[in-house]
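Asker: Dumping the structure here so I can ask a few things about it.
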C-alpha cells in the first residue's frame with residue numbers, strides 16, 4: 001500500500017513539475033516575443049528621429065517602447081484565458097466574435113488612455129487636460145485599429161496554441177490506446193498459451209481420443225488453432241462490431257466447453273439490431289475469462305456464463321455474469337484486481353473519458369456480474385459493409 005501511494009505521489013509530483021515548466025516556458029515565450037517587438041519598434045522610431053531636427057537616443061526610445069508595449073505582454077495570458085472562456089466555435093460564433101470585439105475595443109481604449117497618462121507623467125505634469133484629451137483623440141484616430149489588430153493577433157496565437165496542445169494530447173492518447181490494445185491482445189494470447197490452459201486443452205483432446213470421440217477431438221484442435229491464429233493476426237482496430245467481439249468469444253468458449261462438457265453452459269443474449277454496434281476490441285475477453293476462472297472452475301456443480309447486451313436510449317450496456325461463489329468480501333478493498341480488469345478500466349477511460357461506467361459486483365442469488373456502459377454508436381466499417389452488400 002505504501003509503495004502504491006509513493007508511486008501515485010511520484011506521478012503527481014512529476015505532473016505538477018511538468019505543468020510548472022510549461023507555465024514558465026509560456027511566460028518566457030511571451031516575454032521574448034514582446035521584447036523583440038519592442039526592440040523592432042524602437043529601432044524604427046530611432047531611425048525616424050535621426051532624420052528629424054531633434055533626434056532621440058536609442059536607449060530613450062527603447063525604454064519608452066518597452067513601457068508602452070509591456071501592456072500587451074501583461075494581458076496576453078488574460079486574452080488566452082478569454083479565448084478559452086469564449087471559444088470561436090461554430091455553435092456560438094456570432095456571440096463569441098461580438099464579445100471578443102467588445103473586449104478588443106475595451107483593451108484598446110484602455111491602452112490609449114494609459115499611453116496619454118504616461119505622456120503626462122513623462123512631461124512632469126506640465127501637460128494640461130486639454131493636451132491629454134488631444135492625445136487620446138489622436139490615439140483613437142491613428143492607433144485604435146492597431147490595438148484591435150494586436151488583440152485579435154494575440155487571440156489567434158492563443159487559439160493556435162490551444163489547438164496544438166489538444167492535438168498533442170489526442171496524439172498521446174491515441175498512442176496510449178494503441179498500447180492498451182496491444183496489452184489486451186498480449187493478455188488474450190497469454191491466456192491461450194499459458195501452460196495450464198494448453199495442458200488442460202491437450203489433456204481433454206487425449207481423453208476424447210481414448211474414448212474414441214475422434215470428431216470432437218478434431219473439432220477441439222481446430223478450434224484451438226483458430227483461436228491462436230486469430231490472436232496472432234494483425235487486429236489493430238480500437239473498436240469493432242459487437243458481432244466480431246462475440247465471434248471471438250464463441251471460439252474461446254467452445255474450447256472451454258470441451259473442458260467442462262457437463263459443467264459449463266453458455267448463454268448469449270444479444271438482440272440482432274445491436275450486432276453492428278461499436279465496442280472496444282477485446283473488451284469482453286478478460287470479463288469472460290474471470291467468470292470461468294473464478295466462477296465455473298471454482299464450483300463443484302454445473303455452472304453457466306451469460307453474455308448480454310442491451311440498449312438504453314443512447315447507451316449500450318454489456319454484461320458478463322456467472323453463477324459461481326461470487327466475489328470475496330476483501331475484493332473491493334484490494335488495490336489490484338488483475339492486469340485484465342485494470343487494462344479494461346483504463347481503456348474505457350481513454351476511449352470515452354467520463355462517458356462510461358465499469359462495475360463488478362455480486363449477483364443475486366449467487367455469482368458475480370461485470371457491467372460496462374458506453375455510448376451507443378454504429379460501427380462505421382460494419383455499416384459501410386452492409387450498404388455495399390445491399391447495393392450488390
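Asker: Is it true that residue 177 is surrounded by 12 or more Cβ atoms within 10 Å (Cβ to Cβ), farther than 23 Å from residue 342 by Cβ, under 37 Å from the mean Cα position of the chain (by Cα) and modelled with pLDDT of 80 or more?
Answerer: Details: surrounded by 12 or more Cβ atoms within 10 Å (Cβ to Cβ): yes; farther than 23 Å from residue 342 by Cβ: no; under 37 Å from the mean Cα position of the chain (by Cα): yes; modelled with pLDDT of 80 or more: yes.
Criteria not met by residue 177.
Asker: Another question, if that's okay. Got at least one residue in segment 262-269 being surrounded by 16 or more Cβ atoms within 10 Å (Cβ to Cβ), under 31 Å from the mean Cα position of the chain (by Cα) and closer than 19 Å to residue 370 by Cα? Steps first, answer last, please.
Answerer: Pass one, segment 262-269, residues surrounded by 16 or more Cβ atoms within 10 Å (Cβ to Cβ): 263-264, 266.
Pick out the ones that are also under 31 Å from the mean Cα position of the chain (by Cα) and you get none.
No, segment 262-269 contains no residue that is surrounded by 16 or more Cβ atoms within 10 Å (Cβ to Cβ), under 31 Å from the mean Cα position of the chain (by Cα) and closer than 19 Å to residue 370 by Cα.
Asker: When residue 342 is evaluated against the numbered criteria (1) crowded, with 16+ Cβ neighbours inside 10 Å; (2) under 18 Å from the mean Cα position of the chain (by Cα); (3) at pLDDT below 85, which criterion, by number, is the only one it fails?
Answerer: (1)
Asker: Hey, among the residues in segment 345-366 that are farther than 16 Å from residue 285 by Cβ and touching a helix residue (DSSP H, G or I) at 6+ places or on another chain (Cβ under 6 Å), which one's modelled with the highest pLDDT?
Answerer: In this case the residue turns out to be 356.
Asker: Restricting the search to segment 260-275, which residues are closer than 16 Å to residue 307 by Cα and in contact with a helix residue (DSSP H, G or I) (Cβ under 8 Å, 6 or more places away or on another chain)?
Answerer: 264, 266, 268, 270, 274, 275, listed by residue number.
Asker: What do you reckon, is residue 118 in the same structural domain as residue 160 (by TED's automatic domain parsing), surrounded by 13 or more Cβ atoms within 10 Å (Cβ to Cβ) and either modelled with pLDDT of 75 or more or within 44 Å of the chain's Cα centre (by Cα) (or both)?
Answerer: Numbers: in the same structural domain as residue 160 (by TED's automatic domain parsing): yes; surrounded by 13 or more Cβ atoms within 10 Å (Cβ to Cβ): yes; either modelled with pLDDT of 75 or more or within 44 Å of the chain's Cα centre (by Cα) (or both): no.
It is false that residue 118 is in the same structural domain as residue 160 (by TED's automatic domain parsing), surrounded by 13 or more Cβ atoms within 10 Å (Cβ to Cβ) and either modelled with pLDDT of 75 or more or within 44 Å of the chain's Cα centre (by Cα) (or both).
The values are calculated or read from the model by the stated rules, or taken from the named source; none is laboratory data. Worth saying up front: this structure is predicted, and the values here are computed from it rather than measured. No Cβ is skipped: glycine too gets one built from the backbone with ideal geometry, and neighbour counts run over all protein chains shown.
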